[in-house]
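Worksheet for the structure shown next.
The values are calculated or read from the model by the stated rules, or taken from the named source; none is laboratory data. It should be emphasised that the depicted structure is a prediction, and the values quoted were computed from it without experimental measurement. Here Cβ is always computed from backbone atoms with ideal geometry, including for glycine, and neighbour counts include all displayed protein chains.
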Amino acid sequence: MIKVDADPSARTLRQFALTADVVLISLTAIAYLRGRTGAAIVVPIALAVAITLAAALIAGSWLLIQKTKLGRAMRATFQDRDTAALMGVGIGRIHAATFAFGSGLAAAAGALLGPIFLVYPSMGDLASLKAFSVVILGGLGNLPGATLGGLLLGIAEELGAGYISSGYRDAVGFVIIILVLLVRPSGLFARQERIA
């Protein structure tokens with residue numbers, strides 16, 4: 001008998017656990033294939049801090065969107081603006097809050113990438129394009145799907161850079177996105193929409 005858990009928070013926690021498992025298995029497989037069995041993976045401190053803070057931001061974003069009144073209003077406005085307005089949601093206030101939240105996340109991403117990469121005015125162009133691609137890949141409006149899509153894209157890019165050529169790192173990622181969208185136009189983890 002298959003037991004289906006209807007609790008979305010339990011399903012999301014399983015997705016995050018699965019993501020961590022996929023990352024660890026992939027890192028171990030890469031180290032093994034390169035002949036480094038038993039070797040430690042060395043991560044610079046700036047990268048470790050960025051990864052930790054990014055994980056905290058992802059978890060905090062999910063908690064805000066799923067567990068708060070503001071998050072419920074954001075989701076309602078995203079799904080149907082007119083119905084949300086009829087239910088008493090201040091659409092202008094929600095748009096402003098969503099814009100401020102997104103701007104804060106973009107600023108945090110820039111601050112986390114600054115110590116790792118060179119800082120110059122257009123440093124976020126490729127990152128913005130990849131972020132847009134990851135959201136499409138994971139499924140629009142699906143935070144765990146976008147997180148898992150980003151990890152899958154990053155692993156694919158690194159494997160492509162290691163085994164094909166580092167010059168094709170970005171091309172490998174975009175080819176994978178194109179192939180996925182040919183097979184599943186709504187993204188890998190998109191949910192069925194209810195139409196009343």
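Count, please, the residues in the range 61-77 that happen to be surrounded by 12 or more Cβ atoms within 10 Å (Cβ to Cβ) and closer than 16 Å to ALA100 by Cβ.
Matching residues across the range 61-77 total 8.
May I ask you to list the residues in the range 114-136 that are closer than 19 Å to ALA55 by Cβ and either surrounded by 16 or more Cβ atoms within 10 Å (Cβ to Cβ) or among the small types (Gly, Ala, Ser) (or both)?
Within the range 114-136, GLY114, ALA127, LYS130, ALA131, VAL134, VAL135 meet the criteria.
Filter the range 147-172 for residues that are under 23 Å from GLY110 (Cβ atoms) and free of Cβ contacts under 8 Å to residues at least 24 places away in the same chain and give the result.
Scanning the range 147-172 gives GLY150, GLY154, GLU157, ARG169.
Of the residues GLY35, GLY88, which single one is modelled with pLDDT under 90, exposed (fewer than 12 other Cβ atoms within 10 Å of the Cβ), of a type outside the set (Asp, Glu) and over 21 Å from GLY138 (Cβ atoms)?
GLY35
I need every pair where a residue in the range 94-110 that is within 13 Å of LEU70 (Cα to Cα) has its Cβ under 6 Å from the Cβ of a residue that is among the β-branched types (Val, Ile, Thr) and surrounded by 15 or more Cβ atoms within 10 Å (Cβ to Cβ), sequence separation at least 6 or different chains.
From residues that are within 13 Å of LEU70 (Cα to Cα), the pairs are ILE94/THR77.
Can you tell me how many residues within the range 111-146 are at pLDDT below 85, within 18 Å of ALA56 (Cα to Cα) and outside any loop (DSSP other than H, G, I, E, B)?
Qualifying residue count, the range 111-146: 6.
Specify which of the listed residues (ARG191, ARG184) is basic (Lys, Arg) and either at pLDDT below 80 or under 25 Å from ALA55 (Cα atoms) (or both).
Of the residues listed, the single one that is basic (Lys, Arg) and either at pLDDT below 80 or under 25 Å from ALA55 (Cα atoms) (or both) is ARG191.
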